[in-house]
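Have a look at the structure below before the remarks.
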Amino acid sequence: MTRKKKERKRPQWRRVDLHLHTPASSDYQESGVSYLDILRQAESKGLDIIAFTDHNTVAGYRAMMEEIHQLELLEQLGRLRKEEKERLREYRRLRERVLVLPGLEFTATFGFHILGIFGPETDVRELEFLLRRLNIPLEKLDEGSAEVGATTDVLTAYRAIAEAGGIVIAAHANSANGVAMRGFDFGGQTRIAYTQDPHLHALEVTDLEKKGRRTTARFFDGSKPEYPRRMRCIQGSDAHRLARDPNDPHHLGVGDRVTEVLLPEVGFGPLREVFLGDDFARTRPYRPTEKAPFDHVQAAREEGPSIVQDFHERFSRRGGHLYAILSDICAFANTNGGTLYIGVSGDPKEPPVGVSNPRQTVEAIQEEIARRITPPLEVTADVQETQGKKIVRVVVPRGEDPPYAIDDNKIYIRSESETGLAVRDEIVNLVRRALIPSPRVEEPESGRIEPPRTGVEIVATEERQGVLYHTMRDLRNGNVVKNVTRKSARKLWHYAITQKEDHPVNPGRLQWDGDIAVVRKRERGGQARYDLAQREDGKLRVYYGVTDDGIHGPWARLVGLE
């Protein structure tokens, strides 16, 4: 019995479609479709969990449950006709195969759509009360329309749904009515708030299977300076019909765009636990059996090392491999958190080496962290598989009590894809971070071009006894570090100082676009880096080593990223 219980609890990949409309939505595209038809289609697609998410109503889920309850009442009274008996039997069979969750697609202020998914034990009247609290007019509760007038702002809706016990998902975040505000020329702090709020559990996106630096999941992977919280990205069909429209393939049917979730058992509780957690390898886009399953490790390798992830091909106590891993863990904790992959290189074309004894490696890393890193740091270390090889993944949170140190005195930070020892001013900034909440980033002044958000700027230089001392500004976080020399500088700083000292920028030789210009562009490891210049208040500002993550607004147009 014990063995069977353990096998039953072993996590399995389950197929979920958490964005389905029913005939209760006013824009449903087919007539004559029953709720039983939707469940049959879900079964035929191999779905384990679905959610009814009609526009600003729970009338669809309520209608299905009322039909089932009516059939059960007739059964108790012995009045079921043959066709009704078969219908009730089919409902019971399908609901054993597919978990159906009540949900809603709420239309917030300015037309942004938010999914709320709830447990099957939730009373429909509670959800209707929630909709009323979110200012859905009483007369609109059963209409299933996305046009409901003035309702509630996005952040209030996130909080209300989360506090009611729901899973909060920004619907089709990267497209129409999505909170990522694609195609908007404004947004700034609003866009950041709408996609980084702690009550938001996931972004539903339409480009989860696409690759490249311009995808939504890549944008929200935690590497963007102004979007430091990594967001879980999933996909859903947003089906307004049973099957895909043969005349318009953009109109999907039930189960045509599915997410797989690694769950110990099918249930709302385990599902919500995943969405509230930070193990991003527990969700992936579902691929039909003829395609290879989505490989999280390989996808990370294709993105390459960054401020939030790195790779170590080998693990051993000899040769400095273990210390390099600890240094990265310390640096991630002091910076923005991150993920380490041990047993693979950062080159996606190289076959993975793997780890010979992954469980022992996990235990050794955990022991070394507990013994050598202070203050105490809770990390998650587990075993993953890629291309038939076992590797170790270490997920490091952004520390709440910086600075973190190895052996009490070695403090590391992450600077883009490089880990290095922190200098005095960086240590001071870490202490301030622990003591003082981060200030709100203000919107730039109207008409002023905000500097790029990655790279470094040399803001001042002075000579002392024949040596040039530079003051560096980290464009990602605004931290200023003084007294940096060519000899003491880490890699990116050294590049910037070398360029300034040996190849000073001549403004007259630049091709200006208004008050901004490209000084030079370099390609390294498939990633572009830019040196950019800006004229501001009669002064020349030069930004060195800017990556695509730091490019925005006019800078994007300047370098051709738009």
Selection from Ala157, Leu130, Pro285 lying farthest towards where the dipole of the chain points positive, charges on Cβ
Pro285
Would you work out the charge dipole size for region 429-562 about its Cα centre, treating the Cβ of every Lys and Arg as +1 and the Cβ of every Asp and Glu as -1, and quote it to the nearest 20 debye?
600 debye
Across all directions of projection, what mean area in square nanometres is found for the Cα convex hull of region 2-288?
17.3 nm²
Subtract the Cα-Cα distance of Leu77 and Glu90 from 0.36 nm times their separation in residues, and report this length gain in nm to one decimal.
2.8 nm
Which net charge results when you count Lys and Arg as +1 and Asp and Glu as -1 among the other residues whose beta-carbon is under 14 Å from that of Glu418?
+1
Distance between Cα centroids, region 292-352 to region 470-532: provide it in whole Å.
27 Å
Ranked highest first by average number of other Cβ atoms within 10 Å, how do 365-377, 200-212 line up?
200-212, 365-377
Cα-based helix-to-principal-axis angle, 35-44 vs the chain, degrees rounded to 10
60 degrees
Cα gyration tensor shape for region 420-534, rounded if a/c is under 1.5, else prolate or oblate:
oblate
Structure shown: which of Lys210/Lys521; Lys224/Lys349; Lys210/Lys349; Lys45/Lys85 lie over 22 Å apart, alpha-carbon to alpha-carbon?
Lys210/Lys521; Lys224/Lys349; Lys45/Lys85
Let me make sure I get this right: for region 326-390, a, b and c are the square roots of the gyration tensor eigenvalues over alpha carbons, sorted descending. Under 1.5 in a/c it's rounded, otherwise prolate if a/b > b/c, else oblate. Which is it?
oblate
Most positive-pole-ward Cα, Pro264, Pro554, Pro198, against dipole of the chain from beta carbon charges:
Pro264
With only Lys, Arg, Asp and Glu charged, each at its Cβ (+1 for the first two, -1 for the last two), find how big the charge dipole of the chain is about the Cα centre; round to the nearest 20 debye.
1960 debye
Given a Förster radius of 22 Å and the C-beta distance between His69 and Leu138 as r, what FRET efficiency does 1/(1 + (r/R0)^6) yield to the nearest 0.05?
0.40
Using just the helices of the chain, give the 222 nm mean residue ellipticity in deg cm²/dmol: DSSP H runs with n ≥ 4 each add -39,500 (n - 2.57), and the total is spread over all residues, rounded to 500.
-8500 deg cm²/dmol
Explain nothing, just the number: relative contact order of region 301-421, from Cα pairs under 8 Å at least 6 residues apart, as a whole percent.
33 percent
Looking only at aspartates and glutamates whose Cα falls under 17 Å of Lys82's and that sit 8 or more positions away or on another chain, we get Glu67, Glu72, Glu90
With Cα coordinates, the longest principal axis of the chain makes an angle with the long axis of helix 321-334, in degrees rounded to 10, of 80 degrees
Here are some values of percent of Cα pairs over 37 Å apart: [x] 30; [y] 41; [z] 47. Which one was computed from this structure?
[y]
To test your reading of the geometry: what angle, between 0 and 90 degrees and rounded to tens, separates the Cα axis of helix 491-502 from the longest principal axis of the chain?
40 degrees
Place the peptides 14-23, 48-57, 413-422 in order of packing, highest mean first, counting for every residue the other Cβ atoms within 10 Å and averaging per peptide.
48-57, 14-23, 413-422
Could you tell me which of rounded, prolate or oblate describes region 1-138, using a ≥ b ≥ c as the square roots of the eigenvalues of the alpha-carbon gyration tensor, with rounded for a/c under 1.5 and, failing that, prolate when a/b is larger than b/c and oblate otherwise?
oblate
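The numbers here are math on the coordinates, done by the rules we state, and not lab data. Since the model is a prediction, treat every value here as computed from it, not as a measurement. We place every Cβ from the backbone using ideal geometry, glycine too, and count neighbours over all the protein chains shown.
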